[in-house]
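The values are calculated or read from the model by the stated rules, or taken from the named source; none is laboratory data. Note that the structure is a prediction, hence the values are computed from the model and not measured. Every residue, glycine as well, gets a Cβ built from its backbone with ideal geometry; the counts of neighbours run over all protein chains shown.
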Amino acid sequence: MSATSARPSHAAQPSGSAFILKKALISAAVALVLFSLMIGVRTEAGPQGGLIYWTRFGDLAAMVGTVFGGSIIIELLRQWWGPVDKDRIVPKPVQAAMSFAGRWLAPALLVFAFLVPVIFYNQRYILDLSILVLTYVMLGWGLNVVVGLAGLLDLGYVAFYAVGAYSYALLATNFGLSFWVCLPLAGILAAFWGVLLGFPVLRLRGDYLAIVTLAFGEIIRLVIINWQSLTGGPNGVSGIPRPTLFGIPLDNSDDGLAAKLGIEFSPTHRIVFLFYLILAMALLTNWVTIRLRRLPIGRAWEALREDEVACRALGINVTTTKLTAFATGAMFGGLAGAFFATRQGFISPESFTFQESALVLAIVVLGGMGSQLGVALAALTMIGGFELFRGFDQYRMLVFGIAMVLLMIWRPRGLIGHRAPTVFLERNQAISSDLVKEGHG
Amino acid sequence: MDYFAQQLINGLVLGSIYGLIAIGYTMVYGIVGMINFAHGDIFMIGGFIAMISFLVLVSLGLTAIPLILLIVLLVSMVITALYGWTIERIAYRPLRHSFRLAPMLSAIGMSFVLTNFSQVSQGARVKPVPPIITGGYTLHEGSEGFAVQLSNIQIVVVLATIVLLAVFTWLVSRTRLGRDMRACEQDQTMASLLGVDVDRTISMTFVIGAALAAVAGMMYLLYYGLVDFFMGFVAGIKAFTAAVLGGIGSLPGAMLGGLAIGLIETFWSAYFSVEYKDVAAFSILIVVLIFMPTGLLGRPEVEKV
Amino acid sequence: MSGDPILTVDRLMMRFGGIVAVNELSFAAERRKITALIGPNGAGKTTVFNCITGFYRPSGGAIRLAHDDGRSIQLERLNDFRISKQAKVARTFQNIRLFPGMTALENLMVAQHNALMRASGLTLLGLLGLPSWREAEQRAIELARTWLDRVGLLDRADDAAGNLPYGDQRRLEIARAMCTEPALLCLDEPAAGLNARESGGLNELLLSIRNEQGTSILLIEHDMSVVMEISDHVVVMDYGVKIAEGTPQAVRDDPKVIAAYLGADEEEAIAVMESGT
């Protein structure tokens, strides 16, 4: 949060120390006004209920000074770096290295993912974090179908995540159904809700669709909070059964897996099991998506993103095509939700806020719309980066927000900026993302 | 009947506040074509600055309430407007001709930044202020002892909204700036060829939108007597809903949508259930959009084939 | 007009608010013939097209399509994607509407969507990768290859459509429409923006589509050299009504036509007359 990036947008930029100093002074002045009351004065509800305040001019001066210094540094960097254009942001050799890396990056990541529980067997924290990352990878891949392929902007994706989680939680706690029965049910229910929402609203275009999906996400959350007799309201659902290995529980009972195998019980077994479970689910999502892209339905999704009118002229039923994309994405969200519920053992509406939708959307867009590898990398970066700031809890969202802004400015097209064709005659060559449309929906 | 009249008054007041925020959304959308997700937080910042400046002025020994309010209004409008300007400069301008989703995500990021900035700098607890504008009138004494009240603060909110709308309408329809804004809305490239400073016009749009949001924030503070760092999210979504309901890009639509959302919320709380008031507002948005895909006053999107 | 019409437009009306864009227009397009719809700018040609291809719902009148097998379809009752799917009417657009981020080949694959959806068992069989699906996909690729070859774009099959030069994009759009295997092909200004050589190539392509595929063609065109050279029948519109029709020769000499073009735009009128000689 600083005013340092106040940059002239024209090509010819003056340089010289006077100019830099002038810019820095303006930035500092802007910062002084912005922060004068918000930082310079601290308010708090007093003991008698009234408001009291005290001044923090030291902090204010420090912030303004930081902006001043930061502005000078940024301006110097900019002049050293030269005019900003695409080729300069990512230098040619780096680009070449990246495209080389791109070829073995995906397989390497996959192998690494399989080895994570082996390497980090004794580090519970890393295992937990990996499970979290994989959950978001799966969510990102699911939303990618809707946003990245079909070009439909969905700001309420978390609703389907919630539907999946609550489906499993309620079916399991009320009817005693097992995880493996509930998992497909959760997916189907989420897809059903996707169709239910999608059917009336998918003829809306662009930002109208965005706000309706956002509203739908909020409706689901509010209903969960308020329908206390069913969902437990803000207190959530607890005591959700843990998953079993096809009926064999992973606990230290006599029927448990450890006892059956005759090995010593360790709670890590369950974590490792959960890890491979979400890895398998995520890979299934990936496999299905890659498969679908090469089928007529997937091509129709992408065609829809490129030009809806042309699709209609080619006899493609736009509504059902959108619905299938919406339902497919919702189904993956629901499956991930069921996993989330069984992993946590407890769910509450707090886990299904708009922030989650925004986070998943950020993962998809940062990944490079439509790119499976990009989404995985973005999930790793975002969730991993987010975790790094766990220690600075109160600044976490601040840093996260700033990172989002900076990443968008750095790479508006996402990390992986090209599209792979789904079929080819001679050459399988990537298509620059500058040509790829982003859809109107 | 009396109960109904009372709810009508309450709904109109709430709707005025939503409408003021919604104008900011609709203006930015009309010109830049992006959802400014940070706008709700601009409203929150406006409320905070009004609260802090009020506190400081009172502790400096000022006692004339009208004078205090005037200063608070000016201070919060100016500082909040600068927030709007800065955010556009930092987070949106570099992305103006980029991919459509990029500025939107940048805006979501900005919204997180503002929410958290105010949480960190002012603390997470709700900040209450004592009632500043008190008193009112009893319009009608009902038979069952229920009286229709119109408080002074409600009058102030509605009057301020009407005055601002009048000024704003004049600004857009009669001034050079307004003409530039309408030109940019139609075609930015052409406008710049004809000598309109597009960068400046867009900046001014954000400045005006933020200033209106600051007024809304101050009205909220006066009306409800509290601010907190998270209030921007819900109010922002509601106001955006209002803008879409009215037909995004349409200024009268934003106000109309704001009033509609305010009334729906108030009446739903009064006659059905408080818990589901937001669900009602969002559901009506969905229903309206299904039947009128471009909102109440939105121009129908002509599909060029 | 006698003969064997594939498309019969009968007293077509199209109003936008108070404006009558098309007023009681009647004409017919014959089977395996090229029919041109011409007229000054704003005459309502594209509106007629949009009515035929289901983008607009006509305010009145009837549009009838008679298939080779005797099936007759009332186009004004179908809408949207069904025109292409059920009535087998394909179209191109005045401003090219390709899928720019997809390769030329992919564009042609999307055009075969409905056939491929059936072959993939509404995705399920395809997801399992059954051999019947693989064969169908291979056939679709072959059809696409054939059409890429016909329009001379075989060596650019794997390039993004948005990267192709303008003239190539025009031809690719026609190839894409042909991949839907239409009975009637509607072309909205196919020669717009083409140079003389390209527009000559276009003439050959359209004639070969008529002669080899037996596809009937309805086209809107401003380039009179194209119209005069390849059309079998010409319908002239002005202000939403038909003012003349007949063979290219007859139309060119019609004083009403010349007056319409003169009244609308002198240069255009001169172009009409010169290009015919």
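Give the residue that is nearest to C:T180 (Cα to Cα), with candidates limited to residues of segment C:198-219 that are outside any strand (DSSP E or B) and of a type in the set (A, V, I, L, M). First the steps, then the outcome.
Within segment C:198-219, the subset outside any strand (DSSP E or B) is C:198-215.
If we keep only those that are of a type in the set (A, V, I, L, M) too, we end up with C:202, C:205-207, C:209.
Numbers: C:L202: 19, C:L205: 17, C:L206: 16, C:L207: 18, C:I209: 13 Å.
Among them, the one singled out is C:I209.
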Before we move on, is B:Y83 of a type in the set (F, W, Y), crowded, with 21+ Cβ neighbours inside 10 Å, part of a helix (DSSP H, G or I) and more than 7 Å from every other protein chain (Cβ to nearest Cβ)?
no
Only residues that are more than 9 Å from every other protein chain (Cβ to nearest Cβ), β-branched (V, I, T) and not in a loop (DSSP other than H, G, I, E, B): list them for segment C:140-164, please.
C:T146
Restricted to segment C:220-243 and to residues being of a type in the set (S, T, Y) and in a loop (DSSP other than H, G, I, E, B), the residue modelled with the highest pLDDT is C:S231
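Can you find, within segment A:24-44, the residue that is farthest from the other protein chains (Cβ to nearest Cβ) among those that are farther than 22 Å from B:M51 by Cα and buried (at least 20 other Cβ atoms within 10 Å of the Cβ)? Full working, then the answer.
Of all residues in segment A:24-44, those farther than 22 Å from B:M51 by Cα come to A:24-29.
Next, from what is left, pick out any that are buried (at least 20 other Cβ atoms within 10 Å of the Cβ): A:24, A:27-28.
Values: A:A24: 15, A:S27: 9, A:A28: 13 Å.
Ranking the candidates gives A:A24 first.
Could you check how many residues of segment B:25-77 are among the hydroxyl-bearing types (S, T, Y), within 12 Å of another protein chain (Cβ to nearest Cβ) and not in a helix (DSSP H, G or I)? Quick ask: steps written out before the conclusion?
So the first thing to find is which residues in segment B:25-77 are among the hydroxyl-bearing types (S, T, Y), and the list is B:25-26, B:29, B:53, B:59, B:63, B:76.
Retained after the next criterion (residues that are within 12 Å of another protein chain (Cβ to nearest Cβ)): B:25-26, B:29, B:53, B:59, B:76.
Add one more test, that the residue is not in a helix (DSSP H, G or I), and what stays is none.
So the count comes out to 0.
If you go through segment C:44-72, how many residues are crowded, with 19+ Cβ neighbours inside 10 Å and either charged (D, E, K, R) or touching a Leu at 6+ places or on another chain (Cβ under 7 Å) (or both)? Working first, answer last.
Our first condition is that a residue be crowded, with 19+ Cβ neighbours inside 10 Å; within segment C:44-72, this holds for C:44-56, C:58, C:63, C:65.
Right, trim to either charged (D, E, K, R) or touching a Leu at 6+ places or on another chain (Cβ under 7 Å) (or both) and you get C:45, C:48, C:51-52, C:54, C:58, C:63, C:65.
Looking only at that region, the number is 8.
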May I ask you to say which residue of C:F27, C:F49 is within 14 Å of chain A (Cβ to nearest Cβ) and at pLDDT 85 or above?
C:F49
State which residue is nearest to the other protein chains (Cβ to nearest Cβ) when the search covers only segment A:45-63 and only residues that are surrounded by 13 or more Cβ atoms within 10 Å (Cβ to Cβ) and either farther than 30 Å from B:P128 by Cβ or not aliphatic (A, V, I, L, M) (or both).
A:Y53
Would you mind stating whether A:G337 is buried (at least 24 other Cβ atoms within 10 Å of the Cβ), modelled with pLDDT under 90 and either in the same structural domain as A:F192 (by TED's automatic domain parsing) or in a helix (DSSP H, G or I) (or both)?
no
What are the residue pairs meeting all of these: first residue in segment C:80-103, first residue under 13 Å from C:P190 (Cα atoms), second residue part of a loop (DSSP other than H, G, I, E, B), Cβ atoms under 6 Å, and 6 or more apart or on different chains?
C:R91/C:T53; C:Q94/C:E189; C:R97/A:D307
Can you spot a residue in segment B:130-151 that is in contact with an Asp or Glu (Cβ under 8 Å, 6 or more places away or on another chain), assigned to a helix (DSSP H, G or I) and in contact (Cβ under 8 Å) with a residue 40 or more places away in the chain?
no
(1) part of a loop (DSSP other than H, G, I, E, B); (2) small (G, A, S); (3) modelled with pLDDT of 90 or more all hold for B:S118 apart from (1)
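Kindly indicate whether any position in segment A:75-91 is buried (at least 16 other Cβ atoms within 10 Å of the Cβ), modelled with pLDDT under 90 and not assigned by TED's automatic domain parsing to the domain that holds A:P412.
Step one: filter segment A:75-91 for residues buried (at least 16 other Cβ atoms within 10 Å of the Cβ), giving A:75, A:78.
Now restrict to residues that are modelled with pLDDT under 90: A:75, A:78.
Next cut, not assigned by TED's automatic domain parsing to the domain that holds A:P412 only: A:75, A:78.
Yes; the residues of segment A:75-91 include at least one that is buried (at least 16 other Cβ atoms within 10 Å of the Cβ), modelled with pLDDT under 90 and not assigned by TED's automatic domain parsing to the domain that holds A:P412.
Using the structure shown, decide if A:V399 is crowded, with 21+ Cβ neighbours inside 10 Å, within 13 Å of chain B (Cβ to nearest Cβ) and of a type in the set (V, I, T). Break it down stepwise before answering.
Working: crowded, with 21+ Cβ neighbours inside 10 Å: no; within 13 Å of chain B (Cβ to nearest Cβ): yes; of a type in the set (V, I, T): yes.
No.
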Within the set of pairs 6+ apart or on separate chains, which have a first residue in segment C:122-144 that is at pLDDT below 80, a second that is among the acidic types (D, E) and buried (at least 19 other Cβ atoms within 10 Å of the Cβ), and C-beta atoms under 9 Å apart?
C:G126/C:E137
Selection count, segment A:215-234, where residues are more than 9 Å from chain B (Cβ to nearest Cβ) and farther than 19 Å from B:S273 by Cβ:
1
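Out of all the residues in segment B:95-107, which are facing chain A (nearest Cβ under 7 Å), part of a helix (DSSP H, G or I) and at pLDDT below 90? Show your work before the answer.
To start, the set of residues in segment B:95-107 that are facing chain A (nearest Cβ under 7 Å) comprises B:95, B:98-102, B:105-106.
Add one more test, that the residue is part of a helix (DSSP H, G or I), and what stays is B:95, B:101-102, B:105-106.
The answer is B:L95, B:L101, B:A102, B:L105.
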Could you say which residue among A:V212, A:V237 is buried (at least 17 other Cβ atoms within 10 Å of the Cβ) and more than 13 Å from every other protein chain (Cβ to nearest Cβ)?
A:V237
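Do any helices (runs of 4 or more DSSP H) lying entirely in segment B:182-299 carry at least 3 residues that are out of contact with any Asp or Glu (no Cβ under 7 Å at 6 or more places or on another chain) and of a type in the set (V, I, T), and which ones are they? Can you show your working first?
Working: elements: B:188-193, B:198-224, B:231-246, B:251-271, B:277-291.
Hits in segment B:182-299: B:198-224, B:231-246, B:251-271, B:277-291.
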Of a type in the set (K, R), touching a Ser or Thr at 6+ places or on another chain (Cβ under 7 Å) and within 30 Å of C:P100 (Cα to Cα) - does that describe any residue in segment A:228-246?
no
Does B:L150 fit the bill of being among the aliphatic types (A, V, I, L, M), at pLDDT below 90 and over 22 Å from the mean Cα position of the chain (by Cα)?
yes
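Let's see how each residue does on (1) of a type in the set (A, V, I, L, M); (2) out of contact with any helix residue (DSSP H, G or I) (no Cβ under 6 Å at 6 or more places or on another chain); (3) more than 30 Å from A:L51 (Cα to Cα):
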residue: B:A147; (1), (2), (3): yes, yes, yes
residue: B:T161; (1), (2), (3): no, no, no
residue: B:V198; (1), (2), (3): yes, no, yes
residue: B:S203; (1), (2), (3): no, no, yes
residue: B:D228; (1), (2), (3): no, yes, no
Residue count, segment A:207-247, condition over 30 Å from A:E438 (Cβ atoms) and in contact with an Asp or Glu (Cβ under 7 Å, 6 or more places away or on another chain), comes to 2
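For segment C:190-213, which positions are within 14 Å of the chain's Cα centre (by Cα) and surrounded by fewer than 16 Cβ atoms within 10 Å (Cβ to Cβ)? Let's see the steps before the verdict.
So the first thing to find is which residues in segment C:190-213 are within 14 Å of the chain's Cα centre (by Cα), and the list is C:190-192, C:202-203, C:205-207, C:209-210.
The one that is within 14 Å of the chain's Cα centre (by Cα) and surrounded by fewer than 16 Cβ atoms within 10 Å (Cβ to Cβ): C:L207.
Out of segment A:313-323, which residues are within 8 Å of another protein chain (Cβ to nearest Cβ) and crowded, with 24+ Cβ neighbours inside 10 Å? Spell out how you get there, then give the answer.
Initially, segment A:313-323 is screened for residues within 8 Å of another protein chain (Cβ to nearest Cβ), giving A:313-318.
Passing the criteria: A:A313, A:L314, A:G315, A:I316.
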Could you grab me the full set of residues in segment A:299-323 that are in contact (Cβ under 8 Å) with a residue 24 or more places away in the chain and assigned to a helix (DSSP H, G or I)?
A:R299, A:W301, A:E302, A:L304, A:R305, A:E306, A:E308, A:T319, A:T321, A:K322, A:L323
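Any residue in segment A:367-382 that is out of contact with any strand residue (DSSP E or B) (no Cβ under 7 Å at 6 or more places or on another chain) and at pLDDT below 75?
The first filter runs over segment A:367-382 and keeps only residues out of contact with any strand residue (DSSP E or B) (no Cβ under 7 Å at 6 or more places or on another chain), leaving A:367-369, A:371-382.
Still in the list and also at pLDDT below 75: A:369.
Yes: one or more hits.
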